[in-house]
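*Asks:* Sharing a structure here in structure tokens format.
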Amino acid sequence: GGYFAIDASGTFDSLNPYSRKGRPGAMSSIMYESLLDENAPADEYGAQYCLLCESLEYDEGKTWVIFHMRPEATFWDGSPVTAEDVVYSHKLLVTQGLPSYAAAVSNMVTSAEALDEHTVKFTFNPEPSRRSRIETVGATPVFQKAWFEADPENRRLDEPRMEVAVGSGPYRLDDYEVNRRVTYS
């Protein structure tokens, strides 16, 4: 419990933190979790911890990584977070995400596939640097595929919107006043 307030300079016209246009509300990405979390203790520089996954495996050359997801991970509506959601999120960010991210990741990842409901595999291009491959795909926010597919014309990642996509994170949008405040609970 409790309450905290932070300030943010500037204004906002969207609650979609991944849009190519407009300015998102402060901290609007906290509603979406990823496979890995980089918020490690201060004495562990560069450490990553499983968040939506419970374990991962990769080969010695880091040409692929397999994430084993937590079966108990759910979106706010109670539906499970699945490997299909992870694959969909990856593809959505490559096709509708920021062009710089899309260019880097599409060059790095040759395929993303759901091996079963809770197992996802990323295969990497052997040419680019192997550094940060696993961390990059593991840090990708996971979106609910069903939410985006329910209204693909209006629920685009590259467009600003005030409607919040269904997330799995502990914080949800509570209230907002455009250009003034955003409240999460």
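*Asks:* Using only the Cα atoms of the stretch 60-185, what do you get for the radius of gyration and for Dmax, in Å?
*Replies:* Final numbers for Rg and Dmax: 15.9, 50 Å.
*Asks:* To the nearest 20 debye, what is the magnitude of the charge dipole of the chain about its Cα centre, counting +1 on the Cβ of each Lys and Arg and -1 on the Cβ of each Asp and Glu?
*Replies:* Charge dipole, the chain, about its Cα centre: 620 debye, nearest 20.
*Asks:* Ignoring ligands, DNA and RNA, how do Tyr171, Tyr32, Tyr58, Tyr3 rank by accessible area with a 1.4 Å probe, largest first?
*Replies:* Heavy-atom accessible area, descending, gives Tyr3, Tyr58, Tyr171, Tyr32.
*Asks:* Additional query: Roughly how much of Trp76 is accessible, in Å² to the nearest 10, using a 1.4 Å probe?
*Replies:* Trp76 exposes around 60 Å² with every protein chain in place.
*Asks:* Sticking with this one: Would you list Val65, Val178 from the most to the least accessible area, probe 1.4 Å?
*Replies:* If we order Val65, Val178 from most to least accessible, we get Val178, Val65.
*Asks:* So, taking all protein chains as they sit and a 1.4 Å probe, how much accessible area belongs to His118, in Å² rounded to tens?
*Replies:* Solvent-accessible area, nearest 10 Å²: 40 Å².
*Asks:* Sticking with this one: On a full-extension model of 0.36 nm per residue, what is the gain between Thr11 and Ala139, subtracting their alpha-carbon distance, rounded to one decimal in nm?
*Replies:* Extending this stretch completely gives an extra 43.4 nm.
*Asks:* Accessible area per residue for the chain in Å², computed with a 1.4 Å probe and the full protein assembly in place, what is it?
*Replies:* I get 55 Å² per residue for this part.
*Asks:* Could you pull out every one of the lysines with an alpha carbon less than 20 Å from that of Lys91, ignoring same-chain neighbours closer than 8 positions?
*Replies:* Reachable lysines: Lys21, Lys121, Lys145.
*Asks:* At a 1.4 Å probe, what is the % contribution of carbon and sulfur to the accessible area of the stretch 46-119?
*Replies:* Using a 1.4 Å probe with all protein chains present, the stretch 46-119 comes out at 54 percent carbon and sulfur.
*Asks:* Going by alpha carbons, how many degrees (0 to 90, nearest 10) lie between the helix axis of 83-96 and the longest principal axis of the chain?
*Replies:* In the chain, helix 83-96 runs at an angle near 70 degrees to the longest axis.
*Asks:* So what J values fall out for the stretch 11-17 if you push phi through Karplus, 6.51 cos²θ - 1.76 cosθ + 1.60 with θ = phi - 60°, rounded to Hz, Gly and Pro as x?
*Replies:* 10, 8, 9, 7, 10, 9, x
The values are calculated or read from the model by the stated rules, or taken from the named source; none is laboratory data. All figures in this text were calculated on a predicted structure; none of them were measured in a lab. When we count neighbours, we look across all protein chains shown, and the Cβ atoms used for this are built from the backbone with ideal geometry, even at glycine. When the accessible area is computed, the model is the full protein with side chains, heavy atoms only, and any ligands, DNA or RNA have been set aside. Shrake-Rupley method; radii C 1.70, N 1.55, O 1.52, S 1.80 Å.
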